[in-house]
Amino acid sequence: PTTLKMEANVLVMGADNVGKSALTVRFLTRRFIGEYGDMEFIYSHNLTVDGREILFHIWDVPSSQEQAEEGSSEEKRIQWADCFVLVYSICDRASFNILPLKIQFIKAAKEGQSQEKVPIVIVGNKRDLHHQRVVSSEEGRLLALSLDCGFYEVSAAEAYHGALMVFHGLAERIPDTKLAL
Ligand code: GDP
Ligand code: MG
């Protein structure tokens, strides 16, 4: 069977310290380093899902930068992106609470332009810290359901599998009609 080649820009979003960089680096290198500094990159990485080879360009924005700028730069990043990974920490209630507004903002910006629904995956990270959990799995799942997003609970610190699932799930949400090379 022939492989369909595609390209997709991914924006990784979420509050400070939730593990956006840890998740990104885990997906790219299969490894967990522990500290990620505040470097900014757009990383490129290939993933083959269901006969489609997708070249992801992943933008992991440093939190310090997000705080320093006004909303217009975030809008530009949202315009750049084709799909979105929204990360919160299961130990950080505030990081969860900001997601509905962010997602509605993304949808308003993207779905105004095309009729297709925008691929979004919500990620509850730091699942290994279960003794510090303040957001239940059920809450995460319900939020994702209500906003028509994918949902995964993962531990970037403990395993590669979760990070792979996240980008796998994202790939499955990208329609064939879009982004064909
Ligand atoms: P970012 O600001 O969202 O990019 O967060 P980082 O990826 O820099 O991670 C913030 C801190 O949380 C770092 O000290 C990481 O080592 C830690 N961290 C990230 N993911 C996990 C995880 O799944 N479990 C645990 N226990 N710590 C994590
Ligand atoms: Mg970071």
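Residue-wise test of (1) among the small types (Gly, Ala, Ser); (2) in contact with a Lys or Arg (Cβ under 9 Å, 6 or more places away or on another chain).
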| residue | (1), (2) |
| --- | --- |
| Lys107 | no, yes |
| Gly112 | yes, no |
| Lys117 | no, yes |
| Lys126 | no, yes |
| Arg133 | no, yes |
| Arg141 | no, no |
| Ala144 | yes, no |
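Only residues that are among the β-branched types (Val, Ile, Thr) and touching an Asp or Glu at 6+ places or on another chain (Cβ under 9 Å): list them for region 98-124, please.
Once the filter is applied, which keeps residues that are among the β-branched types (Val, Ile, Thr) and touching an Asp or Glu at 6+ places or on another chain (Cβ under 9 Å), region 98-124 yields Val118, Ile120, Val123.
Give region 126-157 a look and list any residue that's touching a residue at least 60 places away in the same chain (Cβ under 8 Å) and out of contact with any Cys (no Cβ under 9 Å at 6 or more places or on another chain), or say none.
Cys149, Glu153, Val154, Ala156, Ala157
Do we find a residue being within 12 Å of ligand 1 (Cβ to nearest atom) and aliphatic (A, V, I, L, M) anywhere in region 104-117? Break it down into steps so the answer makes sense when it comes.
To start, the set of residues in region 104-117 that are within 12 Å of ligand 1 (Cβ to nearest atom) comprises none.
Within region 104-117, not a single residue is within 12 Å of ligand 1 (Cβ to nearest atom) and aliphatic (A, V, I, L, M).
Please specify each residue of region 16-28 satisfying the condition of being out of contact with any Phe, Trp or Tyr (no Cβ under 6 Å at 6 or more places or on another chain) and surrounded by fewer than 20 Cβ atoms within 10 Å (Cβ to Cβ).
Asp16, Asn17
Out of the residues in region 135-179 that are of a type in the set (Val, Ile, Thr) and part of a loop (DSSP other than H, G, I, E, B), state the one that is farthest from the chain's Cα centre (by Cα).
Thr177
Name every residue in region 108-124 that is farther than 17 Å from Glu139 by Cα and either among the small types (Gly, Ala, Ser) or without any contact (Cβ under 8 Å) to a residue 12 or more places away in the chain (or both), in order of residue number.
Ala108, Ala109, Glu111, Gly112, Gln113, Ser114, Gln115
Go through region 98-126 and report how many residues are part of a loop (DSSP other than H, G, I, E, B) and closer than 15 Å to Met13 by Cβ.
Result for region 98-126: 3.
Where in region 1-97 are there helices (runs of 4 or more DSSP H), lying wholly inside it, with at least 3 residues that are within 14 Å of ligand 2 (Cβ to nearest atom) and in contact with an Asp or Glu (Cβ under 8 Å, 6 or more places away or on another chain)?
Qualifying helices (runs of 4 or more DSSP H): 20-29, 63-68.
Listed here are the residues, each with its yes/no results for (1) closer than 17 Å to Phe167 by Cβ; (2) out of contact with any Gly (no Cβ under 6 Å at 6 or more places or on another chain); (3) at pLDDT below 95.
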| position | (1), (2), (3) |
| --- | --- |
| Glu35 | no, yes, yes |
| Tyr43 | yes, yes, yes |
| Asp50 | yes, yes, yes |
| Ile58 | yes, yes, no |
| Ser72 | no, yes, yes |
| Arg77 | no, yes, yes |
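The values are calculated or read from the model by the stated rules, or taken from the named source; none is laboratory data. All values reported here derive from a predicted model rather than from experimental measurement. When we count neighbours, we look across all protein chains shown, and the Cβ atoms used for this are built from the backbone with ideal geometry, even at glycine.
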